[in-house]
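One structure below.
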Amino acid sequence: MIDVLNRRGFEEVCILERFDSFRATSKEATARKYGVRGANIFARKPE
């Protein structure tokens, strides 16, 4: 995702936080099986 945003012209691209977005949900087992994770990403589009 970082590479895609950089190629699209965004600057200062970084992952701010990673987390288990399916923890304590009915789909937690499926998310773990496929390695699904959540992330907050910051990216700035230059003017």
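The values are calculated or read from the model by the stated rules, or taken from the named source; none is laboratory data. Quantities reported herein were computed from a predicted structural model and do not represent experimental measurements. Reconstructed Cβ throughout: ideal geometry from the backbone, glycine too, with neighbour counts over all protein chains shown. When the accessible area is computed, the model is the full protein with side chains, heavy atoms only, and any ligands, DNA or RNA have been set aside. Shrake-Rupley method; radii C 1.70, N 1.55, O 1.52, S 1.80 Å.
What tally of residues in the stretch 4-47 results from selecting those that are open to solvent by less than 100 Å² (accessible area, probe 1.4 Å) and not small (Gly, Ala, Ser)?
Number satisfying all stated conditions: 21.
Would you check if ILE15 is of a type in the set (A, V, I, L, M) and in contact with a helix residue (DSSP H, G or I) (Cβ under 8 Å, 6 or more places away or on another chain)?
So ILE15 fits the description; yes.
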